[in-house]
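Read the structure below first, then the notes.
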Amino acid sequence: MIKKYGFQLKGIHIHRTSKTRSLEVYEKLCVYVSKIIKQENLFLEYIDIGGGFYGHLKEKPNYEDYIKVIYDNLQVDKNIKVIIEPGNGVIASPVCFMMSVYDIKTLNGKIVVIDGGLQEDAKQLEKYITDNGGEVDTWFITHPHIDHAGAFEIISQNTSIKINKIYMSIEDKDWYLTNEPSRTIDIEEFFKAINQENIAEKIIEPQVNDIIKIDNITAKILGTKNPEITTNAINNSSMVIQIKVNQKKILFLGDTGTESSEKLIKNQGKNLKSEIVQVAHHGQAGATEELYKIVNPKICLWPTIDWIWDNIKDGQKNAGTLKTMETRQWMENLNVKQNYLAQEGIKSIKIF
Ligand SMILES: [Zn+2]
């Protein structure tokens, strides 16, 4: 047909999306395209192999393996340009999380931390940061409860770790003490940490709808503190952050409660829609079903350990008073494809 209409074929694209991403797929593609070029006696300028490679995962083929297979099996004229599009493999951004610890590494290896977990989690997080260059580019703290800000309080005192920017939406200390006096010790420790000279100067208070760019990641602030909400005050004051990476959105709700869910729905509506959601308040009695319906996630990140996940009491499943089962049912109704649990340890999720 090409010859009949007088077109000239400049190149061939052999993009294939394969589930396995195995080397055999590329081998077969290269053998096949070589055969066609020979059979049809084509003079091409280029062959575009496409992408779909693994990045650098243990026990998976690496770039060199792919290139070798392509080189060995592409039997064509040496002047033909071979194009590969490693996109996914290169910009896949691993997201690790533990109990309330979310860490995102950008394309250039910058570290972004959301919360950080308990004081007990500090050692593990500190090691992770140190092993990855000892510098946190951006640290978001959703709210000052100890299970979210505890590790930050410890790490902020470690002068060998550099923290460049800290985003938090914080009330006066008195607001916390008045509205949640039972958390007085938490609050005192938190303010001690953020008032350290080297830390205080790094703190930025974002406004709703602010956009923060960090390499290939964009963070949009969908919600900040809510001084007028005084029931479940500190949870409802959670900053809500929507991270966009590779066109996918991840919504971090902190410990958003019923009242702040309603405010978020009113102010943000459809903007809340995200492929991935961090389930609020560890999956129990957090955000409302209505909010999750708008978010309509495919993947849930649960900062949740087993006894909360299964609502265990006295060794019995679903014998406690937690509302986790209800939240799990909502997610099932929404056809969530994957649940990542904190109890499974550190996880890397590749975001394509
Ligand atoms: Zn919490």
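The values are calculated or read from the model by the stated rules, or taken from the named source; none is laboratory data. Everything quoted here is computed from the prediction, not taken from an experiment. Counting neighbours? That spans all protein chains shown, and the Cβs are built from the backbone with ideal geometry, glycine included.
Points worth noting:
- Every test in (1) hydroxyl-bearing (Ser, Thr, Tyr); (2) modelled with pLDDT of 75 or more; (3) buried (at least 16 other Cβ atoms within 10 Å of the Cβ) is passed by Thr106 save one, and that test is (2).
- Region 129-155 - residue that is in contact with a strand residue (DSSP E or B) (Cβ under 7 Å, 6 or more places away or on another chain) and away from the ligand (no atom under 16 Å from the Cβ) and, of those, nearest to Glu228 (Cα to Cα): Trp139
- Lone unmet requirement of (1) more than 16 Å from the chain's Cα centre (by Cα); (2) in contact (Cβ under 8 Å) with a residue 40 or more places away in the chain; (3) surrounded by 16 or more Cβ atoms within 10 Å (Cβ to Cβ) for Ala287: (2)
- Any hit, region 299-307, residues being under 29 Å from Asp215 (Cβ atoms), hydrophobic (A, V, I, L, M, F, W, C), surrounded by fewer than 21 Cβ atoms within 10 Å (Cβ to Cβ) and touching a Cys at 6+ places or on another chain (Cβ under 9 Å): no
- Per-region count, region 146-168, residues among the acidic types (Asp, Glu) and at pLDDT below 95: 1
- Qualifying residues in region 169-199 (those that are within 15 Å of the ligand (Cβ to nearest atom) and either touching a residue at least 40 places away in the same chain (Cβ under 8 Å) or under 26 Å from Asp131 (Cα atoms) (or both)) - the one surrounded by the fewest Cβ atoms within 10 Å (Cβ to Cβ): Arg183
- Among residues of region 144-162, those that are farther than 25 Å from Asp174 by Cβ and charged (D, E, K, R), counted: 1
- Wholly within region 244-334, helices (runs of 4 or more DSSP H) carrying at least 2 residues that are polar (S, T, N, Q): 258-268, 324-333
- Every listed requirement among (1) more than 21 Å from the chain's Cα centre (by Cα); (2) under 20 Å from Gly257 (Cβ atoms) is met by Lys162 save one, (2).
- Which listed residue, of Lys298, Lys248, Lys273, is basic (Lys, Arg), under 30 Å from Gly109 (Cβ atoms), touching a Phe, Trp or Tyr at 6+ places or on another chain (Cβ under 9 Å) and more than 16 Å from the ligand (Cβ to nearest atom): Lys248
- Index of the failed condition, Ser237 passing every other in (1) surrounded by fewer than 18 Cβ atoms within 10 Å (Cβ to Cβ); (2) within 16 Å of the ligand (Cβ to nearest atom): (1)
- Lys213 vs. criteria part of a strand (DSSP E or B), at pLDDT below 95 and farther than 20 Å from Ala287 by Cα: yes
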